[in-house]
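The values are calculated or read from the model by the stated rules, or taken from the named source; none is laboratory data. Note that the structure is a prediction, hence the values are computed from the model and not measured. Here Cβ is always computed from backbone atoms with ideal geometry, including for glycine, and neighbour counts include all displayed protein chains.
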Amino acid sequence: MNKPRLIFSSAVSAIITIVYAVVITIWAELSLPLKNWLTNFSGHHWTSKSIFSVLLYAVVTIIIYFVSRDSSENNLRKALILLLVFTVLGTIALTAFFTGHHFKLF
Amino acid sequence: MDLLAIIQSKPVLIGFHLGFAIVGIDAFLWLLGKLKGDGGSRKSMIGTAVIGVGAFIASWLAGGYYYVVYYGKLVRPIIKGGTAPWVHNIIMETKEHIFLFIIPLAVTVLCITFLEKGDLERLKLRRLAWLLSGAVAMLGLLIGAMGFIISAAARWA
């Protein structure tokens, strides 16, 4: 197993999963048909989001691992820095969205 | 009452959710210390990360089961009808969704621990590794604090 490539694949996939979780959450709050579809898929919208996030992370990690060439030291570091940044931004985005949604700003 | 019924009961599920989360947070804080101070073998770092990832998965499953089966029916109406409905609308909604970040983040840290110590230095990943391990622990602590607010809102609604 190529360990640096595995780390790179996991980091990029984790970033995509975070973006997915933020987008699907906000979108489903603003679109009743999407929220209903998520609810109907598994019985609860959160369970569906959880299942899709796990599948997305696993599948994208595998695809990137087998598709990408060996990433440079620089790209590996960039992917991990971006993962840290997206974790913070994702947390802020969801907190800000639900705060604004509560106060009916959108 | 059989064992499965006991495991599926509300206090036990909350206990598992919180208990496993504490184990996960502690594991990643411990890993942070090992990575920062260059202490412990590679094997011990992998072991610590595996315990942390496993604990967060267990916490996710126990908390998720409680949330889907009990929270919506029993707790949500109390909070929404109480003095602090914002606790559900902001805190709970945010908590349940940022939990989805933890597993991919924690597994990525686990992947970093697979590296030999020499490779960790050669690739200049040590600092990033302990920062990411700290991010997992901080996210866990943030979610824990949110859980405390939610419990308090339901208790004193």
Which is assigned to a helix (DSSP H, G or I), at pLDDT 95 or above and either touching an Asp or Glu at 6+ places or on another chain (Cβ under 8 Å) or surrounded by fewer than 21 Cβ atoms within 10 Å (Cβ to Cβ) (or both), of B:A129, B:A58? B:A58
Residue list for the range B:3-55, restricted to those being hydroxyl-bearing (S, T, Y) and assigned to a helix (DSSP H, G or I): B:S44, B:T48
In this structure, does B:A137 turn out to be outside any loop (DSSP other than H, G, I, E, B), away from chain A (no Cβ under 11 Å), surrounded by 17 or more Cβ atoms within 10 Å (Cβ to Cβ) and under 20 Å from the mean Cα position of the chain (by Cα)? yes
Could you tell me how many of the residues in the range A:91-101 are surrounded by fewer than 16 Cβ atoms within 10 Å (Cβ to Cβ) and either among the β-branched types (V, I, T) or at the interface with chain B (Cβ under 9 Å from one of its Cβ atoms) (or both)? 1
Residue in the range A:2-14 that is surrounded by the fewest Cβ atoms within 10 Å (Cβ to Cβ), counting only those that are among the aliphatic types (A, V, I, L, M) and at the interface with chain B (Cβ under 8 Å from one of its Cβ atoms): A:L6
Count, please, the residues in the range B:71-85 that happen to be in a helix (DSSP H, G or I), within 12 Å of chain A (Cβ to nearest Cβ) and in contact (Cβ under 8 Å) with a residue 40 or more places away in the chain. 0
Right, A:S42: buried (at least 19 other Cβ atoms within 10 Å of the Cβ) and either over 16 Å from the mean Cα position of the chain (by Cα) or not aromatic (F, W, Y) (or both) or not? no
Given the structure, is B:A49 closer than 21 Å to B:V12 by Cβ and of a type in the set (A, V, I, L, M)? no
Identify the residue in the range A:63-85 that is within 25 Å of B:A135 (Cβ to Cβ) and of a type in the set (V, I, T) and, among all such residues, is surrounded by the most Cβ atoms within 10 Å (Cβ to Cβ). A:I64
Taking the range B:55-70, which residues are at the interface with chain A (Cβ under 10 Å from one of its Cβ atoms), touching a Phe, Trp or Tyr at 6+ places or on another chain (Cβ under 9 Å) and among the hydrophobic types (A, V, I, L, M, F, W, C)? B:I57, B:W60, B:L61, B:V68
Filter the range A:50-79 for residues that are out of contact with any Phe, Trp or Tyr (no Cβ under 6 Å at 6 or more places or on another chain) and facing another protein chain (nearest Cβ under 9 Å) and give the result. A:S50, A:S53, A:V54, A:Y57, A:T61, A:E73, A:R77
Run down A:V60, A:V22, A:V88 and say which single residue is assigned to a helix (DSSP H, G or I) and surrounded by 21 or more Cβ atoms within 10 Å (Cβ to Cβ). A:V22
Which is over 28 Å from B:I46 (Cα atoms), facing chain B (nearest Cβ under 9 Å), under 13 Å from the mean Cα position of the chain (by Cα) and not aliphatic (A, V, I, L, M), of A:T47, A:T17, A:T87, A:T25? A:T25
